[in-house]
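The values are calculated or read from the model by the stated rules, or taken from the named source; none is laboratory data. Everything numeric in this text was worked out from a predicted model, so none of it was measured. Don't worry about glycine lacking a Cβ; one is built from the backbone with ideal geometry, like all the others, and counts go over all protein chains shown.
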Amino acid sequence: MKLLTMVVPCYNEEENIRDFYTELMKTESFFTEKEVRLELLFIDDGSTDRTSEQVKELIEKDERVHLVSFSRNFGKESAIYAGLKEASGDYVVFIDADLQDPPSLLPDMFSYIEQGYDSVATRRVNRKGEPPIRSFFARHFYSLMRRISKTEIVDGARDYRLMTRKVVDAVLEMTEYNRFTKGIFGWVGFSTKWLEFENVARKKGETKWSFWKLFAYSIEGITSFSTAPLAFAAFTGVFFFILAIIALIFIFIRALVFGDPTSGWPSLVCIILLVSGIQLFCIGIVGEYLAKTYLEVKNRPIYLVKERL
Ligand code: UDP
Ligand code: MG
């Protein structure tokens, strides 16, 4: 009999655990029919509420439920990595605890795995119920990524994904500290079937993603999967160098023809401000990559476990 591990990253989801479990178990009969055993792996990402108590209650009733608690909040990316690492299933699926990833899609997803796909991913076709400004930035982030990265990063992709052991092992080989999961899955490849669904609003509780957190996350995505900003910095340098040469020739000839009246102080100040601003911006870009490299070479663990049940 095959085993399917369902990895559920949770951060302060006490209100959702029960409903989620009930909803998930509606797919149980489908998998029993297919002779697939289920295993539930909750990753408690350092919750400060009663999330782990809620999961422990489930463990008492159902021995297929497992819990890994982090020593603090490490972020969803770390929770996903931990889930892959701790899962023993022949298949693994990530699914959010807030019921935004409808469990009713699981039978469909599994049938594509049976057809021979290595991985079944999902994307939402709309962003209903999301602040418009967030959707605007998200859309532009994805179109930018498409242009500057060779790795395929799909707009609206969720982390709701079912995969075979092959893919799990491939992703586990990527032990980088700065984890941008959407990019990682694009990078490893394998045959992937994309399923689409309408955005579902969060059942209870609040999203853990503020606008600025998402913004920082998008920078993470860019620096993890593209070096285009570095090329941009170099290109800007070359551009200003050429501009300076042209200006130099122009000023030289003008001085020869019309003499050399000392004027143009305001324009000089503007040019200095502009150019030094661009220089700092470019140093910032380099610094961003340097910081990433710094964190990578430290080789710190991606997560720390407090409790395993
Ligand atoms: N999550 C997590 N660690 C975090 C933030 C979120 O494990 O630091 C979990 C959260 O409990 C949920 C899933 O990741 O199950 C998605 O989070 P959320 O619903 O806040 O994100 P959204 O659906 O708004 O993108
Ligand atoms: Mg959510």
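Could you tell me whether region 170-185 includes any residue that is loosely packed, with under 12 Cβ neighbours inside 10 Å, within 16 Å of ligand 1 (Cβ to nearest atom), hydrophobic (A, V, I, L, M, F, W, C) and under 23 Å from Asn73 (Cα atoms)? No: zero hits. The set of residues from region 37-55 being of a type in the set (Ser, Thr, Tyr) and either within 27 Å of Ala170 (Cβ to Cβ) or part of a helix (DSSP H, G or I) (or both) comprises Thr51, Ser52. The number of residues in region 76-86 being surrounded by fewer than 21 Cβ atoms within 10 Å (Cβ to Cβ) and either in a strand (DSSP E or B) or in contact with a Lys or Arg (Cβ under 9 Å, 6 or more places away or on another chain) (or both) comes to 1.
The rows are residues; the columns are (1) more than 26 Å from Asp90 (Cβ to Cβ); (2) more than 15 Å from the chain's Cα centre (by Cα).
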residue: Val120; (1), (2): no, yes
residue: Pro131; (1), (2): yes, yes
residue: Phe141; (1), (2): yes, no
residue: Ala170; (1), (2): no, yes
residue: Thr181; (1), (2): no, no
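Among the residues of region 87-113, those that are over 22 Å from Arg64 (Cα atoms), in a helix (DSSP H, G or I) and touching a residue at least 40 places away in the same chain (Cβ under 8 Å) comprise Asp108, Tyr112, Ile113. Of the residues making up region 117-158, those that are in a strand (DSSP E or B) and touching a helix residue (DSSP H, G or I) at 6+ places or on another chain (Cβ under 6 Å) are Ser119, Val120, Ala157.
Screening region 190-309 for helices (runs of 4 or more DSSP H) wholly inside it with 2 or more residues that are among the β-branched types (Val, Ile, Thr) and exposed (fewer than 13 other Cβ atoms within 10 Å of the Cβ) returns the ranges 228-258, 265-298.
Within region 28-51, does at least one residue satisfy the condition of being touching a residue at least 60 places away in the same chain (Cβ under 8 Å) and of a type in the set (Ser, Thr, Tyr)? Within region 28-51, not a single residue is touching a residue at least 60 places away in the same chain (Cβ under 8 Å) and of a type in the set (Ser, Thr, Tyr).
Residues are listed down the side, and each one gets a yes or a no for (1) away from ligand 1 (no atom under 15 Å from the Cβ); (2) buried (at least 18 other Cβ atoms within 10 Å of the Cβ); (3) within 27 Å of Asn16 (Cα to Cα):
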site: Leu99; (1), (2), (3): no, yes, yes
site: Asp108; (1), (2), (3): yes, no, yes
site: Gln115; (1), (2), (3): yes, no, no
site: Arg124; (1), (2), (3): no, yes, yes
site: Glu130; (1), (2), (3): no, no, yes
site: Ser135; (1), (2), (3): no, no, yes
site: Ser143; (1), (2), (3): yes, no, no
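Taking the conditions exactly as written (over 24 Å from the mean Cα position of the chain (by Cα), modelled with pLDDT of 90 or more and either more than 18 Å from Leu309 (Cβ to Cβ) or among the β-branched types (Val, Ile, Thr) (or both)), does Val55 satisfy them or not? So Val55 passes the test.
Checked against (1) out of contact with any helix residue (DSSP H, G or I) (no Cβ under 7 Å at 6 or more places or on another chain); (2) among the acidic types (Asp, Glu); (3) more than 16 Å from ligand 2 (Cβ to nearest atom), Asp90 passes all but condition (1). Among the residues of region 56-75, those that are assigned to a helix (DSSP H, G or I) and without any contact (Cβ under 8 Å) to a residue 24 or more places away in the chain comprise Glu57, Glu60, Lys61. Close Cβ contacts (under 7 Å, 6 or more residues apart or on different chains) running from residues in region 178-197 that are in contact (Cβ under 8 Å) with a residue 40 or more places away in the chain to residues that are of a type in the set (Lys, Arg) and surrounded by 20 or more Cβ atoms within 10 Å (Cβ to Cβ) comprise Phe185/Arg161. Would you pick out the residues in region 5-36 that are in a helix (DSSP H, G or I), surrounded by 19 or more Cβ atoms within 10 Å (Cβ to Cβ) and away from ligand 2 (no atom under 16 Å from the Cβ)? Result: Tyr21, single match. A search for C-beta distances below 8 Å between a residue of region 237-254 that is in contact (Cβ under 8 Å) with a residue 40 or more places away in the chain and any residue that is surrounded by 11 or more Cβ atoms within 10 Å (Cβ to Cβ), counting only pairs 6+ apart in sequence or on different chains, returns Gly237/Cys282. Could you list, in sequence order, all residues of region 74-112 that are farther than 20 Å from Leu3 by Cα and hydroxyl-bearing (Ser, Thr, Tyr)? Ser78 - this is the single residue of region 74-112 that is farther than 20 Å from Leu3 by Cα and hydroxyl-bearing (Ser, Thr, Tyr). For region 47-69, the criterion of a residue being touching a helix residue (DSSP H, G or I) at 6+ places or on another chain (Cβ under 7 Å) and either charged (D, E, K, R) or exposed (fewer than 15 other Cβ atoms within 10 Å of the Cβ) (or both) is satisfied by no position.
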